[in-house]
1. Test of understanding: what is the full-extension gain from Lys122 to Asp284, defined as 0.36 nm times their sequence separation minus their Cα-Cα distance?
2. For Tyr350 and Asn319, FRET efficiency with R0 = 56 Å and r from the beta-carbon atoms, rounded to 0.05?
3. Could you sort out which of Lys212/Lys253; Lys145/Lys253; Lys68/Lys218 sit more than 30 Å apart by Cα distance in this structure?
4. What distance in nm separates the two pseudo spin-label positions at Met252 and Met342, each 7 Å out from Cα along the beta-carbon direction?
5. With only Lys, Arg, Asp and Glu charged, each at its Cβ (+1 for the first two, -1 for the last two), find how big the charge dipole of region 263-324 is about the Cα centre; round to the nearest 20 debye.
6. Can you send over the solvent-accessible area of Tyr344, 1.4 Å probe, protein chains only, in Å² to the nearest 10?
7. Between Lys218 and Lys298, take the C-beta separation as r, use R0 = 51 Å, and let me know the FRET efficiency to the nearest 0.05.
8. Based on the Cβ-Cβ distance of Ser32 and Val92, what FRET efficiency does E = 1/(1 + (r/R0)^6) give at R0 = 25 Å, to the nearest 0.05?
Amino acid sequence: MFEQIKTMEIWQYSLAGNTVLDFAIALGAFLSFLVVFKIFQVIILARLKKLAEKTKTDIDDTLVEIVKSLKPPFYSFLAFYSAMFFLTLGDVFKKAIDVVLIIWIILQVILAVQILIDYIIKKRMGDEEDAAAENAINILGKLSKWVLWSFGLLLVFSNLGIDVTSLIAGLGIGGIAIALALQNTLSELFSSFSIYFDKPFTPGDFIVVGDKKGVVEKIGIKTTRLKALQGEELIISNKELTSAQIQNFKKMKERRISFSFGVTYETPVEKVKKIPTVVGSIIDGEEGARFDRAHFSKFDDSALNFDVVYYVQSGDYANYMDIQQNINFKIMEIFEEMGVDMAYPTQTIYLQK
């Protein structure tokens, strides 16, 4: 009986406004919550892994990474915070653990969003083979993370009781000043982003911009470098490229070709009538070419002119020139067999006695 009374007195012993029994209950709650949170995390991970096995996308792998980012210290503190409800706490201590919890939750949210940003960057870079494009995507990712952390710090300061209104106003004014000072640089930077994501051209494309033309060699943060037909390097600002009209010949699936030639007036009418059909058969027999039309178009000063249109089923300029050359050779050969003379500027003088 005496031992029971003594045990009851121990449990009722008060410390910081709570009895030993209260502390024991809080400790039991802490251990219980710790086990529950751990089991909860394990169950979610197991479910997500099963889902990942059934789906073809890799977004579920990112969700697994987010869940894994909840390390033991986080759910240990979460269990500690939940256990504190079983104790009578002072206002200062209660407010302190509230602030720590909010800061920790903000940190975990930032880490989760960072994982998503890394996933998007990795996904985007998976389709990129250009080092400059990868560099631009990395810069954009870093800017996104910088904005994310800045927003998170403002939330932390706000929960600490610091007035962030003046801080936000100061950051806004400072941001405007920096933007004005770096206006041209930022304009070039965002122009490069526009080129990377919109992809009006890529390295290896042959483009024409105004009176400049060449093969794209490198797309940089500020400029794009072209190799001109004569061999020299052309450097054009990205800002100029995003505001100019660009002809990209590499994107051509098919090239429309129009050319004309003339035969002499001495050519008999029967042979003139056969020429469109003969030219059409020559073009149809050329691999990679598709005949469209051939017509006797007009009577020129010293020739009977024909207009021909056909399509080269490739955007490659060298391939087009090879096909055109073959067609020209075959037209000359056939005309020689037919006894048809190609026209050239001549003048006939008639003398009357």
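The values are calculated or read from the model by the stated rules, or taken from the named source; none is laboratory data. Since the model is a prediction, treat every value here as computed from it, not as a measurement. Methodologically, a virtual Cβ is constructed for each residue, glycine included, from the backbone with ideal geometry; neighbour enumeration extends over all protein chains shown. Protein only, heavy atoms only, side chains kept; ligands, DNA and RNA dropped before computing areas. Shrake-Rupley method; radii C 1.70, N 1.55, O 1.52, S 1.80 Å.
1. Value of the extension gain: 53.6 nm.
2. Once rounded, the FRET efficiency stands at 0.70.
3. Flagged as over cut-off: Lys145/Lys253; Lys68/Lys218.
4. 2.2 nm
5. Using only the charged Cβ atoms, the result is roughly 280 debye.
6. 150 Å²
7. Result of the calculation: an efficiency of 0.60.
8. FRET efficiency, Ser32 to Val92: 0.40.
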